[in-house]
1. Report the residue count in the range 310-325 for those that are open to solvent by less than 40 Å² (accessible area, probe 1.4 Å), of a type outside the set (Ser, Thr, Tyr), away from the ligand (no atom under 16 Å from the Cβ) and part of a helix (DSSP H, G or I).
2. Restricting attention to the range 397-430, report how many residues are in contact (Cβ under 8 Å) with a residue 12 or more places away in the chain and over 22 Å from residue 447 (Cα atoms).
3. Give, as residue ranges, the helices (runs of 4 or more DSSP H) completely inside the range 326-400 that count at least 1 residues that are of a type in the set (D, E, K, R), out of contact with any strand residue (DSSP E or B) (no Cβ under 7 Å at 6 or more places or on another chain) and surrounded by 21 or more Cβ atoms within 10 Å (Cβ to Cβ).
4. Taking residue 261, is it touching a Lys or Arg at 6+ places or on another chain (Cβ under 9 Å) and within 14 Å of the ligand (Cβ to nearest atom)?
5. Please go through the range 253-276 and pick out each residue that is open to solvent by 60 Å² or more (accessible area, probe 1.4 Å) and in a loop (DSSP other than H, G, I, E, B).
6. Go over the candidates 352, 423, 409 one by one and state the one that is in contact with a Lys or Arg (Cβ under 9 Å, 6 or more places away or on another chain), more than 23 Å from residue 24 (Cα to Cα) and within 16 Å of the ligand (Cβ to nearest atom).
7. Can you tell me which of 243, 279 is assigned by TED's automatic domain parsing to the domain that holds residue 35 and either under 30 Å from residue 13 (Cα atoms) or open to solvent by 10 Å² or more (accessible area, probe 1.4 Å) (or both)?
8. Taking the range 83-125 as the search range and keeping residues that are of a type outside the set (A, V, I, L, M, F, W, C) and assigned to a helix (DSSP H, G or I), which one is nearest to residue 177 (Cα to Cα)?
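The values are calculated or read from the model by the stated rules, or taken from the named source; none is laboratory data. Predicted model, so just to flag it, every value in this text is computed and none were measured. Cβ placement follows ideal geometry from the backbone for every residue including glycine, while neighbour counts extend to all protein chains displayed. These area figures cover heavy atoms from the full protein model, side chains too; ligands, DNA and RNA do not enter into them. Shrake-Rupley method; radii C 1.70, N 1.55, O 1.52, S 1.80 Å.
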Amino acid sequence: MNHLSILFVTSEMAPWVKTGGLGDVAAALPAALRRARHDVRVLIPAYPALLQAFPDARPVAELPALAPALPPARLLAAGLPLLLLDCPEFFARAGNPYLDAHGHDQADNAIRFGLLSRVAALLGQPGSPLDWRPDVVHLNDWQSALAPAWLHYEGGAASVVTVHNIAFQGNFAADHLTALGLPEHAWRFDGVEYHGQLSFLKAGLQLATLISTVSPTYAQEIQDEAFGYGLAPLLRHRAGALRGILNGVDSTLWNPAADPALAVPYAANRLAAKRENKRALQQEMGLDFAADRPLFGIISRLTEQKGLDLVLTLGEGITKLPAQLAILGSGDKLMEAGFRDLATRFPGQIAVRLGFDEALAHRIEAGADCFLMPSRFEPCGLNQMYSLRYGTPPIVRATGGLADTVIDVSEATLADKTANGFVIAEATPHALWLALERATRCWHDRKLWQRIQQNGMRRDFSWEHAAHDYVTLYRDAIAARH
Ligand code: ADP
């Protein structure tokens with residue numbers, strides 16, 4: 001099999017710049033493709049954290065102003081290999097790559113990520129300043145999804161757009177069409193126009209050679225009005241070009257047998273040591289040392305999407321199950337206040353840490369008995385897979401990647417050894433309450449719980465599977481483009 005040259009374009013990448021699942025994928029998928037001997041280069045803005053991490057980055061190309069609103073920029077080559085898009089006036093900003101200090105979208109996001117998209121396209125075109133040519137340009141989420149527009153209207157490599165969350169679309173005022181240097185004839189319902197605006201994601205979904213999203217169930221769901229955020233008709237129209245590929249888990253970073261963040265390592269055949277991690281977590285978060293009740297864990301962006309308002313509603317009930325609750329998250333200010341209030345009312349039983357803390361996330365996965373993720377929608381979700389690997393059966397709603405990875409405990413699924421968690425159909429307090437009760441009953445049956453834990457820990461979530469499916473997608477895109 002010949003090896004492919006792939007330009008992977010992303011606006012975030014763990015461990016340096018990460019706000020969610022895309023950051024993890026951008027680290028793990030290119031690495032897995034490289035292990036399969038493909039030539040992958042990652043194009044990402046030169047944020048301060050990356051310039052700091054790669055002090056030896058060296059200039060490989062000077063880019064002129066590519067459109068009226070786009071300033072000149074440089075490409076730096078570094079490490080992995082990375083291509084850093086160096087444009088200090090756009091990217092030399094500390095903190096979250098999309099939001100300002102007040103949590104609002106940065107006012108110039110359209111041209112910041114317009115530049116990322118334009119450069120991504122250029123590197124797939126004959127006019128590229130590099131002597132390296134990708135066979136396929138892989139764009140991720142709205143921030144780079146405008147690139148296929150130039151590749152479509154001007155020619156260039158095959159393109160693939162992956163949707164990590166269709167709720168974020170990058171819709172901006174119409175005058176960005178000329179500001180970003182797109183041709184006037186791109187302003188069509190089957191071009192980049194979307195309800196009178198320029199839409200980055202719509203453009204990508206319309207014009208990319210092939211499109212994908214991060215789980216098979218989400219690929220179906222986004223064709224439905226209830227999940228498509230307005231783009232369902234377009235996705236139904238392009239259903240033949242759309243695939244769902246489940247994300248993997250980086251098993252070097254998320255492995256309870258060799259996780260430097262944990263108090264004690266453990267594995268499927270050494271589950272007793274997991275209890276010491278529970279005790280350590282109780283201590284760290286100021287929870288009572290209670291061994292007679294399950295500890296539920298949450299690690300999440302605090303938003304409507306994640307269904308955590310249901311947990312807020314049930315907070316007091318959880319303490320009466322009885323059970324404990326450990327929450328790590330940040331986001332919606334009202335929700336943050338709600339969780340802080342719960343922790344104040346039930347000290348020793350409910351503990352909350354507001355903020356982003358990678359190491360504590362690992363300790364919650366290891367120390368909790370059971371993980372809560374009742375999302376209203378979930379393109380793939382990573383935390384439920386981490387939970388499965390850490391022997392912390394998740395309670396999830398049947399949506400997106402949650403539906404593709406968590407198998408509800410029943411007589412049948414226990415018999416065929418697939419039962420690995422608890423699945424609710426509806427995002428209602430009542431449905432979640434029944435699942436919490438059911439999980440608590442199962443937890444009290446040690447032998448049963450251990451079977452559920454081991455079923456989850458045995459399942460293979462390695463990136464090798466996903467990388468293989470992406471290579472097929474790339475080859476199909478290349479064939480379709482010719
Ligand atoms: P999403 O991308 O919608 O936020 P995912 O489950 O796909 O949800 O990915 C979330 C990633 O971010 C996971 O790696 C999770 O552990 C991490 N994460 C979310 N919130 C926090 C937090 N407050 N502290 C540490 N890690 C977090």
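1. 5
2. Qualifying residue count, the range 397-430: 15.
3. 358-367
4. Answer is yes for this residue.
5. 253, 260, 263, 265, 269
6. 352
7. Of the residues listed, the single one that is assigned by TED's automatic domain parsing to the domain that holds residue 35 and either under 30 Å from residue 13 (Cα atoms) or open to solvent by 10 Å² or more (accessible area, probe 1.4 Å) (or both) is 243.
8. Per the criteria, the residue is 114.
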